[in-house]
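One structure is given here, and the rest of the page talks about it.
The values are calculated or read from the model by the stated rules, or taken from the named source; none is laboratory data. As the structure is a prediction and not an experimental result, all values here were calculated from the model. Note that we place each Cβ from the backbone using ideal geometry, even for glycine, and neighbour counts take in every protein chain shown. For accessibility, only protein heavy atoms count, side chains too; no ligands or nucleic acids. Shrake-Rupley method; radii C 1.70, N 1.55, O 1.52, S 1.80 Å.
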Amino acid sequence: RAPAALDLARSLNAAGFTVHMTDCVPARIARWSKTPQAVHRYASPVHQPVCFAHDLRTLIDRLTPVAIIPACEEVFHLSALAEAQGWADRLIAPAPDTLAELHHKGRFADLCRRLGLPVPDTAVVTDAPDLIRHVVRADVVVKPAWSRFGARTLIAPDTTALSHITPSTDAPWIVQTRVCGDEVSLYAVAHQGRLTAFSAYRSDWRLGGGAAYVFQPLTGPLHARLRAMAQTLAAHAVTGQIACDAIIDADGAPWLIECNPRATSGVHLFKRSAAFGLALLDRATAETAPAVVRNGLAMDSFGLARALRQRRQTAWRDQRRTSHDILTAPGDPGPRWGALADS
């Protein structure tokens, strides 16, 4: 269902592989594309876990894939199943314990401290009184330990905002010292602790919740510093895709704030190259292209509306003219309309 999944498939196609895609929703973005050999449907891993496990086992037995590459949060379900069903050697993803450590924002902060990586002071809270005790100053960020796309994040919350939060042992929250600056992101593919692909990028065009739809590659010393941080994490995560958000402070120093052990928009910066497809399977290394890329559907809707509100029409027009669309490809316009139908 994700544009990143489609570009993973395009890169694997470019490398000479036949690609099958699967999801528990219609995923017309993939179904209306010429990229996959076929698009399959499995039961929801959340609502029908037994059926999901059966569907995956059936697909794997029938297709005998050389590799299974998660794109989104299904990575957690696939990683658990792979160990139970005996196909972990074909899954390009970390083991369940490592996944949990990377994705839990409090545990990730602890990991960064152990590895010597810069991370803001972070406390995990499991009840309301504990939350109030840790919010001793206004300049903090409060968010669920398990979340994505900035869901329910509070910046410098007041007591009224905090009163609506009910942390628990099963649903912990974190309180993190706020770092002011520019947000950037990194994405990497690792095999046995080695990076085979790396990208770093920023965006000036975002939805209200923080999700970006224009991606500008980073270069120079900042790119090199973020790559070194990714390599340190990769040595711990061993094999799979990892992605992190970071804040660059006023002194130009990056601070890691959270990690997503899955595909992200960083995959689009490899321009669907065969090298990236091979890097996913540990058969080559891949470098990013310098071009800016955009989600054309979001840019033409949310982006245009924002440009009109903020009187940024010239910037919107220039960004659209100089960037490449991540949805469409030569001879393959269907995913743009599929993404529209999915939304």
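If you go through the range 57-107, how many residues are charged (D, E, K, R) and under 16 Å from the mean Cα position of the chain (by Cα)?
Residues flagged as charged (D, E, K, R) and under 16 Å from the mean Cα position of the chain (by Cα) within the range 57-107 amount to 4.
Scan the range 212-221 for residues that are over 13 Å from residue 294 (Cβ atoms) and either open to solvent by 40 Å² or more (accessible area, probe 1.4 Å) or modelled with pLDDT under 95 (or both) and jot them down. Matches in the range 212-221: 219, 220, 221. Please specify each residue of the range 14-41 satisfying the condition of being within 14 Å of residue 62 (Cα to Cα) and either in contact (Cβ under 8 Å) with a residue 40 or more places away in the chain or among the aromatic types (Phe, Trp, Tyr) (or both). Scanning the range 14-41 gives a single hit, 20.
I'd like to check something: does the range 294-303 contain any residue that is closer than 28 Å to residue 105 by Cβ and of a type in the set (Gly, Ala, Ser)? Yes, the range 294-303 contains at least one residue that is closer than 28 Å to residue 105 by Cβ and of a type in the set (Gly, Ala, Ser). Checked against (1) surrounded by 13 or more Cβ atoms within 10 Å (Cβ to Cβ); (2) modelled with pLDDT of 95 or more; (3) in a helix (DSSP H, G or I); (4) not aliphatic (A, V, I, L, M), residue 118 meets all criteria but (3). Residue check: residue 152 meets all listed conditions (1) open to solvent by 60 Å² or more (accessible area, probe 1.4 Å); (2) in a loop (DSSP other than H, G, I, E, B); (3) farther than 23 Å from residue 261 by Cβ but one, namely (3).
Here residue 186 meets the list (1) on the phi < 0 side of the Ramachandran plot; (2) surrounded by fewer than 17 Cβ atoms within 10 Å (Cβ to Cβ) almost entirely, failing just condition (2).
Mind checking whether some residue in the range 121-130 is within 22 Å of residue 176 (Cα to Cα), part of a helix (DSSP H, G or I), open to solvent by 60 Å² or more (accessible area, probe 1.4 Å) and at pLDDT below 95? There is at least one residue in the range 121-130 that is within 22 Å of residue 176 (Cα to Cα), part of a helix (DSSP H, G or I), open to solvent by 60 Å² or more (accessible area, probe 1.4 Å) and at pLDDT below 95. When residue 336 is tested against the conditions (1) in contact with a Leu (Cβ under 8 Å, 6 or more places away or on another chain); (2) at pLDDT below 95; (3) open to solvent by 30 Å² or more (accessible area, probe 1.4 Å); (4) of a type outside the set (Phe, Trp, Tyr), the lone failure is (2). Among the residues of the range 239-257, is any in contact with a strand residue (DSSP E or B) (Cβ under 8 Å, 6 or more places away or on another chain), at positive phi and surrounded by fewer than 24 Cβ atoms within 10 Å (Cβ to Cβ)? Within the range 239-257, not a single residue is in contact with a strand residue (DSSP E or B) (Cβ under 8 Å, 6 or more places away or on another chain), at positive phi and surrounded by fewer than 24 Cβ atoms within 10 Å (Cβ to Cβ). Taking every residue in the range 156-172 that is more than 17 Å from residue 145 (Cβ to Cβ) and pairing it with any residue that is outside any loop (DSSP other than H, G, I, E, B), at least 6 positions away or on another chain, the pairs with Cβ-Cβ distances below 7 Å are 156/140; 161/154. Looking across the range 189-207, just one residue is crowded, with 20+ Cβ neighbours inside 10 Å and at pLDDT below 95, and that is 205. Only a single criterion out of (1) of a type outside the set (Ser, Thr, Tyr); (2) modelled with pLDDT of 90 or more; (3) under 21 Å from residue 178 (Cβ atoms) is not satisfied by residue 89, namely (3). Among the residues of the range 7-22, none qualifies, meaning not one is farther than 21 Å from residue 276 by Cα and touching a Pro at 6+ places or on another chain (Cβ under 9 Å). When 144, 167 are screened for being in contact with a Pro (Cβ under 8 Å, 6 or more places away or on another chain), at pLDDT below 95 and either under 23 Å from residue 94 (Cα atoms) or surrounded by 12 or more Cβ atoms within 10 Å (Cβ to Cβ) (or both), only 144 passes. Of the candidates 294, 306, the single residue that is more than 15 Å from the chain's Cα centre (by Cα), open to solvent by less than 40 Å² (accessible area, probe 1.4 Å), closer than 20 Å to residue 183 by Cα and charged (D, E, K, R) is 294.
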